[in-house]
Amino acid sequence: MTKIVTLFTQKLGIHYPFVVAPMFLISNPDMLVAAGEAGGIGAMPSLNVRSTELFEKALCEIKERTSAPFGINLILMQNPRLEEDLNLCAKYRVPLVITSLGNPTPIIERVHGYGGIVFCDVINLRHAQKVKEAGADGLVAVSYGAGGHAGKIAANVLIPWLREATGLPILSSGGISTGAQIHAALALGAT
């Protein structure tokens, strides 16, 4: 199968522009390894494992099973483990960190310090401009229909709006499971 070259695939050295989403209580090391081996990237919330010690074991397992890049989602608000989990992301040089729900500035600085990239969940242009100013490498357009803390704007409006206004690479979240849907997101300006 032919590679699909986008800003996102180039940044991470992957073949296809897809992310197996960091789904709370669902995403796990097996999914991250499978996504990476399939040419995309998988991500999981650090909080899917119930302790910092178990999170470190999960990172070790992923690194032992694949050389493919993977992502970790850090929830920023009301996360008592944030500092410890961020330290582990730095220790294991997690290639992609996805931030949700809060100011990502210190996360961006730390992840950039070891050479990783940070994409930030946003639901509107105001949030997108804030994370761009903070130095985010890209945005996750959390549109209407995405899981979790879904936005109120449809993807076909949000993606091109964010892309035009910020110039940052955009990942589309929610409701994508086929090649045609990937193609549609790319046509809207997702990367």
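Along the stretch 5-15 the Karplus relation, 6.51 cos²θ - 1.76 cosθ + 1.60 evaluated at θ = phi - 60°, assigns HN-Hα couplings of 8, 9, 4, 5, 5, 5, 4, 9, x, 10, 8 Hz to successive residues, with x for each Gly and Pro. Amide hydrogen proximity for Cys120: with H placed 1.01 Å from N in the peptide plane, the residues at 5 or more positions away or on another chain lying under 5 Å are Thr99, Gly138, Leu139, Val140.
With contacts taken as Cα pairs under 8 Å and at least 6 residues apart, the stretch 1-97 reaches a relative contact order of 24 percent. If the chain linking Asn156 and Ala34 were pulled fully straight, counting 0.36 nm for each residue of separation and taking away their Cα-Cα distance, it would gain 41.0 nm.
What whole-number value in Å² describes the accessible area per residue of the stretch 67-169 for a 1.4 Å probe?
Accessible area per residue, the stretch 67-169: 45 Å².
For the chain, modelled as a GNM whose springs connect Cα atoms under 10 angstrom apart, the maximal fluctuation among Gly115, Gly151, Gly138 occurs at Gly115.
Determine the relative contact order of the chain: mean sequence separation of Cα pairs under 8 Å and six or more apart, normalised by residue count, in whole percent. Before the final figure, lay out the partial values.
Numbers: 354 pairs, mean separation 26.9, N = 191.
Reported as a whole number, the value is 14 percent.
The order of the peptides 126-137, 158-169 by mean Cβ neighbours within 10 Å, most packed first, is 158-169, 126-137. With a cut-off of 13 Å on the backbone N, the residues of the stretch 39-62 near the modelled label site 7 Å out from Phe24 along Cα-Cβ are 45-49.
How much of the accessible area of the stretch 113-182, probe 1.4 Å, is carbon plus sulfur, in whole percent? All intermediate terms of the calculation are to be shown ahead of the outcome.
Numbers: 1790 of 3300 Å².
Ligands and nucleic acids excluded, carbon and sulfur reach 54 percent.
Normalised by 2.2 N^0.38 Å, where N is the number of residues, the C-alpha radius of gyration of the chain stands at 0.94.
Close amide H partners of Asn73, meaning residues 5 or more places away or on another chain with modelled amide H under 5 Å apart, are Met44, Ser46, Ile98. Listed here are the pairs Lys3/Lys130; Lys63/Lys152; Lys3/Lys57; Lys11/Lys91; which of them are more than 25 Å apart at the Cα? Over 25 Å Cα-Cα: Lys3/Lys130; Lys63/Lys152; Lys3/Lys57.
For Val5, Val118, Val157, write out the residues from largest to smallest accessible area, computed with a 1.4 angstrom probe and no ligands counted. Before the final figure, lay out each step's value.
Working: Val5 100, Val118 0, Val157 80 Å².
Correct descending sequence by accessible area is Val5, Val157, Val118.
The values are calculated or read from the model by the stated rules, or taken from the named source; none is laboratory data. Please read these numbers as outputs of a predicted model, since none were measured by experiment. Ideal geometry is used to build each Cβ from the backbone, glycine not excepted, and the neighbour counts take in all protein chains shown. What goes into the accessible areas is simple: the full protein's heavy atoms, side chains included, and nothing from ligands, DNA or RNA. Shrake-Rupley method; radii C 1.70, N 1.55, O 1.52, S 1.80 Å.
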